[in-house]
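The values are calculated or read from the model by the stated rules, or taken from the named source; none is laboratory data. Everything numeric in this text was worked out from a predicted model, so none of it was measured. Here the Cβ positions follow ideal geometry from the backbone for every residue, glycine too, while neighbour counts run over all protein chains shown. Please note that ligands, DNA and RNA were not included when accessible areas were found on the heavy atoms of the full protein model with its side chains. Shrake-Rupley method; radii C 1.70, N 1.55, O 1.52, S 1.80 Å.
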Amino acid sequence: MKEEIKNIEIQLLLEGIYRIYGYDFRNYSLASLKRRLKRRMVAEGVDTISGLQEIIFHHPESMQNLFYDLSINVTEFFRNPPFYKIFRQKVLPVLNTYPFIRIWHAGCSTGEEVYSMAILLEEEKLYDRCKIYATDMNERVIKQAKQGIFKLDAMKKYTRNYHFAGGKDEFSKYYTAHYNNAQFNSSLKKNVVFAQHNLVTDSSFNEFNVILCMNVMIYFNKNLQENVIDLLDNSLCNFGILCIGEKENLNFSSFNFKYKQLDENQRIYQKIK
Ligand SMILES: C[S@@+](CC[C@H](N)C(=O)[O-])C[C@H]1O[C@@H](n2cnc3c(N)ncnc32)[C@H](O)[C@@H]1O
């Protein structure tokens, strides 16, 4: 019963947030919502979701903090290195046959994924032919992504990732160290447009050759996953490539029949219908 009440309180809270602030978290996965709301309750010093609701509804700055908590931004350079290795082997040769390449990183967080892909494209001499859109619902992370400044002490791990991902150069040639930070070369972002875009409430773009929406839908329930796959599908041209995270897949989606998986281990799909 207690759990049932909590679920009702969560539904009411999310409905209110949508009506008051326009943020739509109503179809995010309940398990992850519960963890994040718990965190906010502790931070706000309240014991119930209803207590949190009182604060969130009447204090926009508390809503902002909850928004940042619900936008889970964990990311890294060359996250899941085998993905980049396979992308280099199987996708880049196809892209090489195009005169012009349009790429969309949907849910790019602080940009590590975008700079990783830019490095790959640069190394395969494709970067100058690319127009890259990097979007996220969270304006704060988009600002950070635009700056291209990351913590220097993470570079050891990212260098390892880069080499596991098939990188052949010195990773350090892509950034300059300033005190505790690594400033990535601005040439890597010269063809990138960073913008705010919400996959739940904003409309589709078109016509991309590649869309990466990795580790984003994992936070959505099945209905919302289906709506977002629909939006991505509408934004992808025929024979375009769709990349999703390693814990996500198209198997249970009604769009599965339109896609061919290009590698048995990586979630890299080609639109064939
Ligand atoms: C875990 S990060 C993934 C970052 C990167 N794609 C990766 O794989 O490392 C998830 C990102 O999705 C964004 N996100 C969540 N819901 C979103 C939505 N409705 N529209 C756009 N971005 C969203 C979050 O703000 C967060 O930056």
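Only one of Arg26, Arg40, Arg35 is open to solvent by 60 Å² or more (accessible area, probe 1.4 Å), outside any loop (DSSP other than H, G, I, E, B) and either within 16 Å of the ligand (Cβ to nearest atom) or over 18 Å from Glu4 (Cβ atoms) (or both); which? Show your work before the answer.
Numbers: Arg26 fails: outside any loop (DSSP other than H, G, I, E, B); Arg40 fails: open to solvent by 60 Å² or more (accessible area, probe 1.4 Å).
When all the criteria are applied, what remains is Arg35.
May I ask you to say which residue of Phe77, Phe83, Phe57 is open to solvent by less than 10 Å² (accessible area, probe 1.4 Å), at pLDDT 95 or above and farther than 26 Å from Asp233 by Cβ? Outline the logic, then answer.
Numbers: Phe83 fails: farther than 26 Å from Asp233 by Cβ; Phe57 fails: open to solvent by less than 10 Å² (accessible area, probe 1.4 Å).
Going through Phe77, Phe83, Phe57 in turn, the sole match is Phe77.
For region 100-134: of the residues being acidic (Asp, Glu) and closer than 15 Å to Leu212 by Cβ, which is surrounded by the fewest Cβ atoms within 10 Å (Cβ to Cβ)?
Looking at residues that are acidic (Asp, Glu) and closer than 15 Å to Leu212 by Cβ, I get Glu112.
Can you list residue pairs whose Cβ atoms sit under 9 Å apart, with the first residue in region 219-235 being open to solvent by less than 40 Å² (accessible area, probe 1.4 Å) and within 12 Å of the ligand (Cβ to nearest atom) and the second being at pLDDT 95 or above and of a type in the set (Phe, Trp, Tyr)? Count only pairs 6 or more apart in sequence or on different chains.
Taking only residues 6 or more apart or on different chains, the pairs are Phe220/Tyr28; Leu224/Tyr28; Val228/Phe220; Leu232/Trp104; Leu232/Phe208; Leu232/Phe255.
With the requirement that a residue be open to solvent by less than 10 Å² (accessible area, probe 1.4 Å), away from the ligand (no atom under 12 Å from the Cβ) and either in contact (Cβ under 8 Å) with a residue 24 or more places away in the chain or not aliphatic (A, V, I, L, M) (or both), what does region 236-251 give you?
Matches in region 236-251: Leu236, Gly240, Ile241, Leu242.
Can you tell me which of (1) assigned to a loop (DSSP other than H, G, I, E, B); (2) within 15 Å of the ligand (Cβ to nearest atom) is the one Tyr133 doesn't meet?
Condition (1) is where Tyr133 drops out.
Among the residues of region 170-187, are any surrounded by 20 or more Cβ atoms within 10 Å (Cβ to Cβ) and within 11 Å of the ligand (Cβ to nearest atom)?
no
Among the residues of region 252-265, is there at least one that is out of contact with any Phe, Trp or Tyr (no Cβ under 6 Å at 6 or more places or on another chain), surrounded by fewer than 20 Cβ atoms within 10 Å (Cβ to Cβ), without any contact (Cβ under 8 Å) to a residue 40 or more places away in the chain and under 25 Å from Leu70 (Cβ atoms)?
Narrowing region 252-265 to residues out of contact with any Phe, Trp or Tyr (no Cβ under 6 Å at 6 or more places or on another chain): 252-258, 260, 262-265.
If we keep only those that are surrounded by fewer than 20 Cβ atoms within 10 Å (Cβ to Cβ) as well, we get 252-258, 260, 262-265.
When the remaining residues are screened for being without any contact (Cβ under 8 Å) to a residue 40 or more places away in the chain, the result is 252-258, 260, 264.
After this cut, where a residue has to be under 25 Å from Leu70 (Cβ atoms) as well, the list is 252-253.
There is at least one residue in region 252-265 that is out of contact with any Phe, Trp or Tyr (no Cβ under 6 Å at 6 or more places or on another chain), surrounded by fewer than 20 Cβ atoms within 10 Å (Cβ to Cβ), without any contact (Cβ under 8 Å) to a residue 40 or more places away in the chain and under 25 Å from Leu70 (Cβ atoms).
Looking at (1) free of Cβ contacts under 8 Å to residues at least 24 places away in the same chain; (2) of a type in the set (Ser, Thr, Tyr); (3) crowded, with 18+ Cβ neighbours inside 10 Å, find the lone condition where Thr97 falls short.
Looking at each condition in turn, Thr97 falls short on (3).
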